[in-house]
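I have placed the structure first, in the form of structure tokens, so that the comments after it can refer back to it.
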2 protein chains.
Amino acid sequence: MTERAADGTGVRGRRKRPTMLDVAREAGVALRTVSRVVNEDPTVGSHLVSRVQAAISALDYVPDERARQLRRGVTGTIGAAVRNLTDAHPVLGAIDHNAREAGLTVLAMSTEDEEAREREVVTSMCRRRVDGIIIEPISSNHQYLSAEVESGLPVVAVDRPLSGLEADTVLSDNAAGIGTAFRHLVLHGHRRIAYIGDHERIFTGRERAAAFRACVAAHGGPLDGMVHPGAVEPDRVVAALQTALGGPEPATALIAGNAATSIEVLRHLGAEAGRLAIVGFDDFLLADILRPALTVIAQDDAAIGRTAIELLLARGADPTHPVRTVTLPVTLVPRGSGELPPA
Amino acid sequence: MTERAADGTGVRGRRKRPTMLDVAREAGVALRTVSRVVNEDPTVGSHLVSRVQAAISALDYVPDERARQLRRGVTGTIGAAVRNLTDAHPVLGAIDHNAREAGLTVLAMSTEDEEAREREVVTSMCRRRVDGIIIEPISSNHQYLSAEVESGLPVVAVDRPLSGLEADTVLSDNAAGIGTAFRHLVLHGHRRIAYIGDHERIFTGRERAAAFRACVAAHGGPLDGMVHPGAVEPDRVVAALQTALGGPEPATALIAGNAATSIEVLRHLGAEAGRLAIVGFDDFLLADILRPALTVIAQDDAAIGRTAIELLLARGADPTHPVRTVTLPVTLVPRGSGELPPA
DNA sequence: TCCTCTCTAGACAACGTTATCTTACGCAAC
DNA sequence: GTTGCGTAAGATAACGTTGTCTAGAGAGGA
């Protein structure tokens, strides 16, 4: 039983929200006039403007975005389906920043790296009629999006392409990154270089492993026991590390295919980390504090987010434009671990 | 000029979305029947159900959440106004997780640690008629929310209380955390312990600095040049560190008041970190990989997120319930840096 | 047989806005 | 004095749903 004052003030309780009609009555004007004032339409006389504004603050009126969007058709909102909301996500930050600059609100939802969740959140975004979707793809099949895309929903894939569907895409230059890392290690005297990275089922894992093999082929080092794509789990990484470092001709340098792998490797090596030259793909917070600090191939997160928004807006402006894939350069950040000489 | 096929297929272009009415016509039933099928109302005959479902997939119909929400009144969405979307945010992850379990969608927006942005994003959430707001407060004054709160919007503050407004709140036990850290260092033989942390303008900075002073008073160590609240900027932190470590009786141990401070301290100390016992408030990814690994006071992020959602739901269910503040315990995680003996 | 009751499905209004059309008014020009 | 025009403000419809009410069909009991 909710006790409340006659005017609804003082005691918490769901008082019905005032609508434009209430404001109109309070101000003694027509509903439409309130709408004009709220939308800063210049055709309202200054006398009425102030009366309406007074009524708005008297009633604590807040316009209903849902009704407005319904009526106007567009939402001014874009969806961002990212892997998770828990860990650091510089690209999401950049997306948010650039979207705001463009006057758009970002609805960020987490796919939790699960196909089913990805589909769920994307569907949820479509039901909310977002004006576009930026997605870090997880699913192996994005056919479920094709109807939306064909009916004009701008969709931009980030970090990996969509499968079974053409869409604008922003990628990092994985091959160049691996190449840069490899040459950097060669330059520092290494010939036996190992690679541990993501499963080749995953796009980036596939690209990076392939690029690594190509580098070995080009530079003529050993390949046997040196390439370890697979799940990024402690046990698997440790086993791969042992294979690479064991035997008569152990690796003297390592390329870690992503941040999680770098971290697992460092966690396992502990104080021994100084004996193995390491370049990690992907930068992460604190990589510069480790000892030795981790040399990394850094993606340009800000540029990725910016480009994603640009592609989204371009697609919205011209739905017939041919699909584009933008590949952004990566940078080697030497910090110590990648400059160690062979043991 | 948008070229498109007569039926709108094949070429991208904003074809008008089908509505329930279109589906109804396609299926030869009434609009209301489509609505019932979409909402899985059991009072529709199975024959019609399948006909409607066929029409839905034939037309690629996706219900419009805005219209549904407008009509039904509730949105099934809660807003989360957090400091930023870029850095790791375990509490946001927990909020998202628990909200999902409760059948709610989270609209996460970033305040960027700016008062103006906080107000902007909160207002934007209100316009979207979220069913509740979880906020990491930044502003020094939250009066602007009072009308919303009084008219029944559930608002839960996390990590710090709102100012100028009563609301349910979830806090970590800052005083206990500082006390635990202090006693831990005392137990390991330290008597000259320093504190560097956030500005006392900020709630947690104030609480932690005060708790630290109380600890010193209780244990009888020196206070002069030992307490350094202030901005978390490299220069300020370095200066504080030099003050604490300089002089005839330098500190042998340090409590860092938050993660950012811990990181700045470690960044500055570099290889010297092993000479100073350190306990950091707030855990962070990779704190366990550093050498020495960082001993921390860890907040229970999962519990914070869970409690925030619980309070939000409780407030929604009973708007008249007295306001609650839940203070959650923190845990000391010994990893090495806090167990170093006095130099 | 008729009445009632239940169960399905349709008609219509309503949610809170904005777009479009219309009206009223004042003023200048003929 | 009438006409025309430009401008401010109101009336009405529409956006795409769901709540409520009602009609009609069929079942079951007296």
So which residues in the range B:32-42 are near DNA strand C (Cβ under 7 Å from one of its atoms) and either under 18 Å from B:Ser57 (Cβ atoms) or within 14 Å of chain A (Cβ to nearest Cβ) (or both)?
B:Thr33
What about A:Arg191, is it farther than 26 Å from A:Pro161 by Cβ, among the charged types (D, E, K, R) and part of a loop (DSSP other than H, G, I, E, B)?
yes
Which pairs turn up if I take residues in the range A:227-256 that are within 14 Å of A:Ala343 (Cβ to Cβ) and look for partners that are open to solvent by 40 Å² or more (accessible area, probe 1.4 Å) and of a type in the set (D, E, K, R) with beta carbon separation below 8 Å, at least 6 apart in sequence or on another chain?
A:Glu249/A:Arg192; A:Pro250/A:Arg192; A:Ala251/A:Arg192; A:Thr252/A:Arg191; A:Thr252/A:Arg192; A:Ala253/A:Arg192
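Test B:Arg129 against the criterion of being within 16 Å of DNA strand D (Cβ to nearest atom), open to solvent by 20 Å² or more (accessible area, probe 1.4 Å) and without any contact (Cβ under 8 Å) to a residue 40 or more places away in the chain, and give yes or no.
Working: within 16 Å of DNA strand D (Cβ to nearest atom): yes; open to solvent by 20 Å² or more (accessible area, probe 1.4 Å): yes; without any contact (Cβ under 8 Å) to a residue 40 or more places away in the chain: no.
For B:Arg129, the condition - within 16 Å of DNA strand D (Cβ to nearest atom), open to solvent by 20 Å² or more (accessible area, probe 1.4 Å) and without any contact (Cβ under 8 Å) to a residue 40 or more places away in the chain - is not met.
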Take B:Gly247 and decide whether it is surrounded by 16 or more Cβ atoms within 10 Å (Cβ to Cβ) and among the small types (Gly, Ala, Ser).
no
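Each row is one residue, and each column tells you yes or no for (1) touching a Phe, Trp or Tyr at 6+ places or on another chain (Cβ under 8 Å); (2) assigned by TED's automatic domain parsing to the domain that holds A:Ile95; (3) open to solvent by 10 Å² or more (accessible area, probe 1.4 Å); (4) closer than 27 Å to B:Asp283 by Cβ.
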| position | (1), (2), (3), (4) |
| --- | --- |
| A:Ile278 | no, no, no, yes |
| A:Asp282 | no, no, yes, yes |
| A:Asp288 | no, no, yes, yes |
| A:Ala293 | no, no, yes, yes |
| A:Val296 | yes, no, no, yes |
| A:Ala308 | no, no, no, no |
| A:Leu313 | no, no, yes, no |
So is A:Thr123 of a type in the set (S, T, N, Q) and farther than 18 Å from A:Ala308 by Cα or not?
yes
Matching residues in the range A:92-139 (β-branched (Val, Ile, Thr) and touching a Pro at 6+ places or on another chain (Cβ under 8 Å)) number 1
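Each row is one residue, and each column tells you yes or no for (1) among the hydroxyl-bearing types (Ser, Thr, Tyr); (2) modelled with pLDDT of 95 or more; (3) part of a loop (DSSP other than H, G, I, E, B); (4) surrounded by 23 or more Cβ atoms within 10 Å (Cβ to Cβ).
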{"position": "A:Asp113", "(1), (2), (3), (4)": "no, no, yes, no"}
{"position": "A:Ala116", "(1), (2), (3), (4)": "no, no, no, no"}
{"position": "A:Glu120", "(1), (2), (3), (4)": "no, no, no, no"}
{"position": "A:Met125", "(1), (2), (3), (4)": "no, yes, no, yes"}
{"position": "A:Ile134", "(1), (2), (3), (4)": "no, yes, no, yes"}
{"position": "A:Ile138", "(1), (2), (3), (4)": "no, no, yes, no"}
{"position": "A:Asn141", "(1), (2), (3), (4)": "no, no, yes, no"}
{"position": "A:Leu145", "(1), (2), (3), (4)": "no, no, no, yes"}
{"position": "A:Glu148", "(1), (2), (3), (4)": "no, no, no, no"}
When the residues of the range A:150-163 are filtered to those that are without any contact (Cβ under 8 Å) to a residue 40 or more places away in the chain and away from every other protein chain (no Cβ under 12 Å), which remaining residue is least open to solvent (accessible area, probe 1.4 Å)?
A:Ala157
Report whether or not A:Arg267 is open to solvent by 10 Å² or more (accessible area, probe 1.4 Å), within 23 Å of B:Gly274 (Cα to Cα) and part of a loop (DSSP other than H, G, I, E, B).
no
Quick one: which of A:Leu70, A:Leu21, A:Leu48 is within 14 Å of chain B (Cβ to nearest Cβ), assigned to a helix (DSSP H, G or I) and not basic (Lys, Arg)?
A:Leu70
Within the range B:298-312, can one find any residue that is closer than 18 Å to B:His184 by Cα and either out of contact with any strand residue (DSSP E or B) (no Cβ under 7 Å at 6 or more places or on another chain) or at pLDDT 95 or above (or both)?
yes
Quick test for you: out of A:Ala58, A:Ala81, pick the one residue that is more than 9 Å from DNA strand D (Cβ to nearest atom) and not in a strand (DSSP E or B).
A:Ala58
Taking the range A:55-82 as the search range and keeping residues that are surrounded by 19 or more Cβ atoms within 10 Å (Cβ to Cβ) and away from DNA strand C (no atom under 12 Å from the Cβ), which one is nearest to A:Arg129 (Cα to Cα)?
A:Thr75
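Each row is one residue, and each column tells you yes or no for (1) open to solvent by 60 Å² or more (accessible area, probe 1.4 Å); (2) in the same structural domain as B:Ala259 (by TED's automatic domain parsing); (3) under 17 Å from A:Glu120 (Cα atoms); (4) within 16 Å of DNA strand C (Cβ to nearest atom).
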position	(1), (2), (3), (4)
B:Val44	no, no, no, yes
B:Val49	no, no, no, yes
B:Leu85	no, no, no, no
B:Leu92	no, no, no, no
B:Arg100	yes, no, yes, no
B:Thr105	no, no, yes, no
B:Ser110	no, no, no, no
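Condition check ((1) at pLDDT below 95; (2) more than 13 Å from every other protein chain (Cβ to nearest Cβ)) across all residues:
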residue	(1), (2)
B:Leu269	yes, no
B:Gly280	no, no
B:Leu286	yes, no
B:Val296	no, yes
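The values are calculated or read from the model by the stated rules, or taken from the named source; none is laboratory data. Source: prediction; values computed, not measured. Every residue, glycine as well, gets a Cβ built from its backbone with ideal geometry; the counts of neighbours run over all protein chains shown. The protein model used for the area step is the full one, side chains on, heavy atoms only, and it has no ligands, DNA or RNA in it. Shrake-Rupley method; radii C 1.70, N 1.55, O 1.52, S 1.80 Å.
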